[in-house]
Structures are given as structure tokens and as C-alpha cells.
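**Student:** Here's a structure for you.
Read-outs: derived from the displayed coordinates by stated rules, not from any lab. Keep in mind it's a predicted model, so treat the numbers as computed, not measured. Every residue, glycine among them, receives a Cβ derived from its backbone with ideal geometry; neighbour counts consider all protein chains shown.
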Amino acid sequence: MKSQSGISLDNAAVAATPKHLLQFAVDQRYDDYTPVDHAVWRFIMRQNTFFLREYAHKVYFQGLLDTGISFERIPRIQEMNDILGKIGWGAVAVDGFIPPAAFMEFQAYKVLVIACDMRQIHHIEYTPAPDIVHEAAGHAPIIVDREYSNYLQRFGEVGAKAMSSKKDFELYEAIRHLSILKEQPNTDPKEIEKATKLVEHRQQNLGEPSEMALLSRLHWWTVEYGLIGTVENPKIYGAGLLSSIGESVSCLEPQVKKIPYSIEATNQPFDITTKQPQLFVCRDFKHLREVLEEFASKMAYQVGGFYGINKAIECNNVATCEYSSGLQVTGVFDEVIVDSKNNPIYLRTTGPSALALQYKELPGHGRNYHKDGFGSPIGKWKNTEIAEGEQAKLEFASGVTVEGKIDKILRRDGKILLISFSKCIAKYGDRVLFEPSWGTYDMAVGDRISSVFNGAADKDSYNQVALVPKERTIKVPSDAKRKKLENLYAQVRKIREGKKGYERLGEIWETQQAEHPSDWLLSMEIFEILDTTGQQPALKTKIEKFLNEKKAATKDLSTLISWGFRLVEYHKKPEYQAALHASPK
């Protein structure tokens with residue numbers, strides 16, 4: 001079963017995801033992956049199984065097997081959904097970075113977002129952009145741990161409520177743009193320099209970090225780049241580290257500072273486009289939840305009141321204030337009137353606003369009806385009998401007065417939520433807050449503002465779809481020369497998997513040498529086949545010589561080729577064979 005956008009709804013978690021989130025979902029376009037893409041995936045995954053068996057959190061390797069992720073080829077999203085569905089999670093494909101609020105909300109619905117681009121071979125160690133290695137092989141395996149997956153979902157719930165500013169979104173767009181440029185082959189260095197300066201400028205002019213900015217730091221230093229255990233001997237669990245064969249090695253070296261994890265991590269900004277100079281180490285997954293709840297207890301959605309309303313005004317973005325009655329007011333908040341003790345007594349929005357209860361818009365109270373904003377008192381009024389069709393004057397303890405004819409009283413579960421007046425005047429001292437010529441006055445009812453959170457209460461009805469990034473990731477099409485190289489990779493793969501045609505490897509290698517002399521991974525794949533099968537020792541020696549020359553001449557390739565040789569040796573060992581046979585093909 002698929003949605004109109006082509007997203008599979010067979011997975012229960014994906015099917016339960018609201019449409020304002022599914023607007024970010026895209027088709028994986030599995031057939032667009034090239035044989036080179038699959039070879040890069042295979043190299044990374046097999047290196048990970050070699051290195052991470054010792055240095056990753058114990059659940060990672062088992063999770064790699066349990067989530068059905070193949071070592072040999074890039075996984076299909078549908079295959080991952082079939083496995084993730086067994087633990088109550090799902091996955092959707094997205095285009096690169098999506099806005100933090102949307103990312104968090106997907107997590108709240110137990111859905112992993114998987115950026116389906118595959119890193120280029122020149123970024124095999126580390127990519128500045130999210131890709132399917134990072135998402136599928138980094139995030140997915142760890143969530144088989146129930147305590148961790150509960151933390152991830154809870155983080156999503158908290159993050160979806162976090163106040164976020166327009167400056168946050170502008171910074172996100174700048175970071176996304178830079179990551180796209182860095183991953184694209186042959187980008188003009190001047191373009192990268194210009195994009196880097198824009199990111200730096202927006203970071204420096206962000207002002208006081210919003211709740212979302214601070215939460216993003218906690219997310220980065222745990223879910224993405226977290227270490228676990230002791231500072232002296234930590235293990236890796238962060239997806240950014242698990243998916244980076246370069247940084248997973250370097251992060252454990254002494255020059256990368258290890259800091260005990262605490263709420264202080266919110267004070268540490270991060271740079272997504274380079275390796276991290278310091279990392280935080282949590283004791284266990286329970287520790288993650290403790291710090292998250294410590295932070296959440298100080299957020300506007302839990303504190304409410306003047307603090308919360310003020311946060312909404314500061315963010316200058318769509319937010320929701322929830323009255324103690326349960327009524328939710330959505331809009332861009334531009335004013336709060338307070339009494340002498342700084343208690344909020346009246347709030348006001350500007351522009352399209354909406355009213356909701358339990359995250360469902362009240363019929364007739366959408367953004368079109370409240371198109372010019374909404375204002376209402378907060379607090380108790382003195383004992384006054386009220387009835388529909390009767391004139392009434394409500395005098396609030398704060399000094400606010402509301403006088404007019406009551407047209408309608410909206411109740412839920414015995415509580416008054418909303419009173420609609422005609423010919424109404426609302427005042428605070430000498431200030432007129434509403435006058436009869438403005439039409440119907442809809443007055444929210446509630447003693448206090450119990451919660452303030454980011455975005456609309458009912459996002460689908462409010463039609464909050466504006467923050468989808470306009471710039472798309474760039475997939476450079478293969479030219480004729482590249483297609484020939486891809487064909488050579490496909491031939492080698494067919495020989496390896498079919499276990500026949502070994503006599504053609506020499507011709508394939510000579511073609512690669514003549515037409516694609518800068519490529520090294522295909523040579524490593526052929527070398528591995530020859531070493532494993534004992535075929536053509538003379539050809540194997542020639543290829544080994546070529547790879548060693550490449551290793552000596554090119555600093556960037558030295559480590560990668562050394563790792564390739566190391567893996568060939570490890571390949572012969574019984575423990576590797578056992579791991580390989582346990583992995584889905």
C-alpha cells in the first residue's frame with residue numbers, strides 16, 4: 001500500500017505519520033545507485049565490521065544483523081521497514097538534511113529519516129552531508145536496544161516542542177547548502193568558501209540560542225557523535241561516528257578530548273562539515289534520558305507562563321500557547337501584557353491564527369477565520385452568572401474587563417473553553433483591547449498558560465508546510481567515461497557473486513589501468529577475489545604493486561588502501577567468515 005506521494009504505508013509507524021511530515025518523504029530511486037555506489041557501500045560496511053566489533057557499543061554489531069542491513073549492497077528502504085516494523089519503528093527516504101523540527105517529530109513517531117544519497121568515493125571516509133551509510137548503517141542498528149530507542153523517541157517528542165526561531169531556519173538552510181556543495185564533485189572552491197562564510201556569519205549572528213538550537217547540540221553530542229562507558233575506555237554509539245570509517249578510528253585517539261556527558265553539552269556548538277575536536281561520554285543510555293529530562297524541565301512547553309509566552313515572542317515564529325483549560329492558541333505571538341508581579345494577563349497574536357483542543361483544530365476557528373490575529377485574557381474573573389443570549393460583564397482579577405452579549409459558550413468535559421461575544425468591548429485600564437466594530441470577540445478561557453511550544457497545535461489543519469527546503473541535493477549524472485568505469489565494477493561484482501569468469505579479471509584490470517588510472521577501489525576488489533580464490537598469482541602481484549605505489553604516492557589513499565589490505569587478511573579468518581554468513585545478502 002502506498003500514499004499518493006509513493007511512500008509505502010505497509011509499515012505501521014510510517015502509516016501513522018501525519019501528512020505535514022510526509023511532505024518531506026521522497027522515493028528512494030533505488031535503480032539510480034551505480035555499481036560504484038554499491039562498491040563504496042561494501043567497502044565501508046566491511047571495514048566497519050572489522051573495526052567496530054571491538055570499539056562500538058556491544059549492541060551495534062548485533063543490531064546490524066537484526067535490522068537486515070546487507071554488507072554487500074545498499075539496502076532498500078522497504079527491506080528496512082520490514083525489519084524495523086518488528087520493533088515498532090519505520091523509515092522514510094528524504095532529500096539530504098531536513099529542518100530540525102521535522103527531523104525531531106519524525107523521531108517522535110518512531111520513524112527514521114534516511115537521506116538516500118550515497119557518498120562519493122572521494123568522501124569514503126567521511127561525508128559532510130547525510131547519506132544512506134550514515135542513516136541506515138549508523139542510526140538503525142542501535143535502535144534495536146529498547147532503552148536507546150525509547151530515548152530516541154522521547155528526544156523526538158521533546159524536540160518537536162522546542163521553540164525555534166527564523167534565524168535557526170536560515171542557519172539550517174546555509175548548512176544544508178554548504179553540505180551539498182562539499183559533496184558535489186568538482187565544486188568551485190570559491191563557492192565553498194562563500195558558503196562557509198555564510199554559515200559562519202549566521203552562526204555568529206544567531207543571538208541567544210533558541211531551545212531548538214540547544215537541543216540540537218544535545219542531539220549532536222549523543223545520537224550523532226556520542227561515546228559511552230568510561231572517559232578512559234569509551235565505546236562508540238553515535239551514528240556519525242559509526243558511519244565514518246575515518247572518524248570512528250580517529251575519535252578514540254588521545255588528541256580528541258573526551259568529556260563526561262552532562263547538560264553542559266548544550267554550551268558546546270558543533271561544526272557538521274569537519275571532524276570533531278572533542279566528544280562527550282555518557283555512562284549508559286539511562287544517563288542520556290536523565291540529561292534530556294533535566295533540559296526538558298526548563299523548556300517553555302513545561303514551564304509555560306510569562307517565560308513561555310516570552311519565548312514565543314522572541315522566536316517570532318508560529319507557536320502555540322495552551323491554556324489550563326486545554327484550549328490551544330496557535331499563531332505568531334507579538335505581545336503579552338503582565339501585571340505588577342510579571343504574571344501574564346493578556347496575550348495577542350498577529351496574522352493568521354487558529355484554536356485547537358488536544359491538537360485538533362476547533363471547527364470554525366482556523367486561520368482563515370482568525371486571519372487578523374487573536375487576543376484574549378488569562379486568569380480568573382469574579383463570580384458572574386453567564387448564559388448564551390445574555391449580556392455579561394466579566395471582571396478579571398487582573399483588572400481586564402470584557403463586556404458584551406454572549407452568543408456562544410463552548411464547553412468540553414464540563415469545562416468552558418471559549419466564549420464568543422457580539423458588540424463586545426475589552427479593556428485593561430484605559431487601554432481598549434477589543435472594540436465592537438471589530439466583529440465577534442472569541443475569548444479563550446483559562447486560569448493560566450500551562451504550556452508553550454513550537455509550531456501549530458494542529459499542523460495539518462494549519463497547513464504548516466512552508467519550511468520545506470527549496471534547494472535539492474545534486475546528483476551528478478554519469479558521463480560516457482564514468483559509465484564505462486561503472487560497467488567494469490558491475491562485471492567484477494558479477495564474477496565475485498557468480499564465482500565464475502575469473503579468467504576475465506586480467507582484461508578488466510588492464511582496461512581500468514588504461515582508461516581510469518586514478519581509480520583504486522576496483523583494483524582492491526580484483527585483488528581480494530584473486531587472494532581469496534588463489535587464482536592468477538602473477539596478476540595478483542601486479543595489482544598489489546600498483547596499489548602499493550598508489551598508497552605511497554597519494555597521502556589521502558594511504559590509509560584506505562592499507563585498510564583494504566588489512567581486510568583481505570582478516571577475510572581469511574574464521575570469525576570474519578562467520579560474520580559474513582550471518583549478514584543478509
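**Student:** Give the residue from Val158, Gly138, Val318 lying farthest towards the positive end of the charge dipole for the chain; charges sit on Cβ (+1 for Lys and Arg, -1 for Asp and Glu) and the dipole is referred to the Cα centre.
**Tutor:** Gly138
**Student:** I've got another one for you. Given the chain, what whole percent of its Cα pairs are spread farther than 35 Å?
**Tutor:** Numbers: 79742 of 170820 pairs.
Cα-Cα pairs of the chain separated by over 35 Å account for 47 percent.
**Student:** Got the relative contact order for region 299-423 handy, in percent, Cα pairs under 8 Å and 6 or more residues apart?
**Tutor:** Normalised by residue count, the contact order of region 299-423 is 15 percent.
**Student:** Return the FRET efficiency for the residue pair Asn186, Gln278: r is the Cβ-Cβ distance, R0 is 30 Å, and the value is rounded to the nearest 0.05.
**Tutor:** It comes to 0.35.
**Student:** How far is helix 146-161 tilted, in degrees, relative to the longest principal axis of the Cα atoms in the chain, given as a value from 0 to 90 rounded to the nearest 10?
**Tutor:** 50 degrees
**Student:** What does the charge dipole of the chain about its Cα centre add up to, to the nearest 20 debye, if the Cβ of each Lys and Arg holds +1 and the Cβ of each Asp and Glu holds -1?
**Tutor:** Working: 74 positive and 76 negative charges, 133 e Å.
Dipole about the Cα centre, nearest 20: 640 debye.
**Student:** Need one word for region 342-462: rounded, prolate or oblate. Basis is the Cα gyration tensor (sqrt eigenvalues a ≥ b ≥ c); a/c below 1.5 gives rounded, then a/b vs b/c decides.
**Tutor:** Details: a/c = 1.42, a/b = 1.37, b/c = 1.04.
Here region 342-462 falls in the rounded category.
**Student:** Can you give me the angle between helix 537-553 and the longest principal axis of the chain, using Cα atoms only, in degrees from 0 to 90, rounded to the nearest 10?
**Tutor:** Roughly 50 degrees between the two axes.
**Student:** Give me the dipole magnitude in Debye, nearest 20, for region 485-540 about the Cα centre, with unit charges on the beta carbon: positive for Lys and Arg, negative for Asp and Glu.
**Tutor:** On the way: 7 positive and 10 negative charges, 59 e Å.
Dipole of region 485-540, to the nearest 20 debye: 280 debye.
**Student:** Please list 3J(HN,Hα) in residue order for region 41-50, calculated via the Karplus relation 6.51 cos²θ - 1.76 cosθ + 1.60 where θ = phi - 60°; whole Hz, with x for glycine and proline.
**Tutor:** Ordered by residue, 3J(HN,Hα) equals 4, 4, 4, 5, 5, 6, 5, 4, 5, 5 Hz.
**Student:** Of Lys182/Lys484; Lys483/Lys550; Lys382/Lys415; Lys110/Lys258, which sit over 21 Å apart, Cα to Cα? All intermediate terms of the calculation are to be shown ahead of the outcome.
**Tutor:** Numbers: Lys182/Lys484 25 Å; Lys483/Lys550 23 Å; Lys382/Lys415 17 Å; Lys110/Lys258 30 Å.
Pairs exceeding 21 Å: Lys182/Lys484; Lys483/Lys550; Lys110/Lys258.
**Student:** Could you order the peptides 156-164, 504-512 from most to least packed, using the average number of other C-beta atoms within 10 Å per residue?
**Tutor:** Values: 156-164: 24.0, 504-512: 17.3.
Ranking, from highest mean packing down: 156-164, 504-512.
**Student:** Would you calculate a helix-derived [θ] at 222 nm for the chain, using -39,500 (n - 2.57) for each DSSP H run of n ≥ 4 and dividing by the full residue count, to the nearest 500?
**Tutor:** Working: 22 runs with 239 residues, N = 585.
The helix contribution divided over the chain gives -12500 deg cm²/dmol.
**Student:** With a ≥ b ≥ c taken as the square roots of the eigenvalues of the C-alpha gyration tensor of region 95-199, please select rounded if a/c is under 1.5 and otherwise prolate if a/b is larger than b/c or oblate if it is not? Mind dumping the intermediate values first?
**Tutor:** Details: a/c = 3.32, a/b = 1.41, b/c = 2.36.
Oblate, since a/c reaches 1.5 and b/c is not below a/b.
**Student:** Can you find, among Ala354, Ala296, Gln62, the residue farthest towards the positive end of the dipole of the chain? Put +1 on the C-beta of Lys and Arg, -1 on that of Asp and Glu.
**Tutor:** With unit charges placed on the Cβ atoms, the residue in question is Gln62.
**Student:** Shifting gears a bit: State whether region 369-426 is rounded, prolate or oblate according to the following rule on the C-alpha gyration tensor (a ≥ b ≥ c being the square roots of its eigenvalues): a/c under 1.5 gives rounded; otherwise a/b larger than b/c gives prolate, and the remaining case gives oblate. List each step's numbers first, then the result.
**Tutor:** Working: a/c = 1.22, a/b = 1.08, b/c = 1.13.
Rounded is the answer for region 369-426, as its axis ratio a/c remains below 1.5.
**Student:** Relative to the longest principal axis of the chain, what angle (0 to 90°, nearest 10) does the C-alpha long axis of helix 189-204 take?
**Tutor:** So the helix axis and the longest Cα principal axis differ by about 40 degrees.
**Student:** Please find the FRET efficiency linking Thr350 to Lys427, where r is the Cβ-Cβ separation and R0 is fixed at 25 Å, and quote it to the nearest 0.05. Present the calculation step by step, with values, prior to reporting the outcome.
**Tutor:** Working: r = 20 Å, r/R0 = 0.80.
That pair, Thr350 with Lys427, gives E of 0.80.
**Student:** How much length is gained if the chain between Ala538 and Leu65 is pulled fully straight, taking 0.36 nm per residue apart and subtracting their Cα-Cα distance, in nm to one decimal?
**Tutor:** That pair, Ala538 and Leu65, stretches by 166.6 nm at full extension.
**Student:** Continuing with the same structure: If you take the beta carbon distance between Lys58 and Arg411 as r and set R0 to 60 Å, what does 1/(1 + (r/R0)^6) give as a FRET efficiency, to the nearest 0.05? Intermediate results must be reported in sequence, preceding the final value.
**Tutor:** On the way: r = 55 Å, r/R0 = 0.91.
E(calc), rounded to 0.05, equals 0.65.
**Student:** In whole percent, what relative contact order does the chain give with Cα contacts below 8 Å and a gap of six or more residues?
**Tutor:** Details: 1037 pairs, mean separation 74.1, N = 585.
Computed value for the chain: 13 percent relative contact order.
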